[in-house]
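One structure below.
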Amino acid sequence: MVDKAGLYGGGLELTCILYEANITVTAGTSVFVENGALGKNSYTLGTEISEGDFVGIHVDTANDYDSCGGLPVVQLADATTGWIGIVKSQPVWHKIPSSTQSSWDSSRLSNGFFRIATVTFPGVTMAFKSMSFETAVTSGAPVQWDISGDGFKDNTTTFGGVFSFHDASTTQENMLIGVGDAGQQAGGSDADVAGYLMVA
């Protein structure tokens, strides 16, 4: 965790969707307020993210540009994906679910059942919307521009300072492209995810 009072320097700041695994909704006892009864639920997050936490890019096929409204999806950093950003603001609900959410998919994203926060990306200098050229781009993957295809394609595990914040499963699909010295996480199943090293 990073102390906000000790957070110095710059970096790109983006509003991000927080992947916090399952959201468990527990119905509470109704309480009476001035205008009548008010039902109160409690919420438990599988991997709660807080202000000051290190986060990495969340890798999932559901995280395409259009489903996410152009916003990147980040998760609590771990040794598999590393870290690429620091949560700068207190997370807030986009929309509060009325029932338990146990899957991460396009339906949950379209319903807005997640929290959002401002994330600082120290090594990322800019981001822009572009298009994919192939069907195998995953979130966080290093990419390269293909002149003949007029789009970005996966660059396997070679990081050249450009990566995709989003998954692209079809050609000519929207993506948010990040540019900067974001490093490359080594090891683990997501060895091609842009980010800085982290050990367990």
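The listed residues are Ser42, Ser103, Ser110, and the only one of them that is out of contact with any Cys (no Cβ under 9 Å at 6 or more places or on another chain), without any contact (Cβ under 8 Å) to a residue 60 or more places away in the chain and either crowded, with 21+ Cβ neighbours inside 10 Å or assigned to a strand (DSSP E or B) (or both) turns out to be Ser42. When the criteria are applied in full, Ile86 fails the requirement of being out of contact with any His (no Cβ under 8 Å at 6 or more places or on another chain), touching a residue at least 40 places away in the same chain (Cβ under 8 Å) and assigned to a loop (DSSP other than H, G, I, E, B). Considering region 176-200, the residues that are more than 12 Å from Gly82 (Cβ to Cβ) and surrounded by fewer than 14 Cβ atoms within 10 Å (Cβ to Cβ) include one that is modelled with the highest pLDDT, namely Asp181. Considering region 138-175, and only residues there that are among the small types (Gly, Ala, Ser) and crowded, with 20+ Cβ neighbours inside 10 Å, the residue that is farthest from Leu71 (Cα to Cα) turns out to be Gly151. Scoring Ile116 on the criteria (1) assigned to a loop (DSSP other than H, G, I, E, B); (2) touching a Pro at 6+ places or on another chain (Cβ under 9 Å); (3) crowded, with 16+ Cβ neighbours inside 10 Å leaves a single failure, condition (1).
On the stretch given as region 162-176, residues that are of a type in the set (D, E, K, R) and over 15 Å from Asp150 (Cα atoms) total 1. Summed over region 61-77, the residues that are surrounded by fewer than 17 Cβ atoms within 10 Å (Cβ to Cβ) and charged (D, E, K, R) give a count of 1.
In region 6-28, the residues that are more than 11 Å from Phe121 (Cα to Cα) reach residues that are hydroxyl-bearing (Ser, Thr, Tyr) and part of a loop (DSSP other than H, G, I, E, B) with C-beta atoms within less than 6 angstrom, at least six apart or across chains, in these pairs: Glu20/Thr47; Ala21/Thr47; Asn22/Ser102; Thr24/Thr100; Val25/Ser99; Val25/Thr100.
The values are calculated or read from the model by the stated rules, or taken from the named source; none is laboratory data. Predicted model only: the values in this text are computed from it and were never measured. Cβ atoms come from the backbone with ideal geometry, glycine included; neighbour counts cover every protein chain shown.
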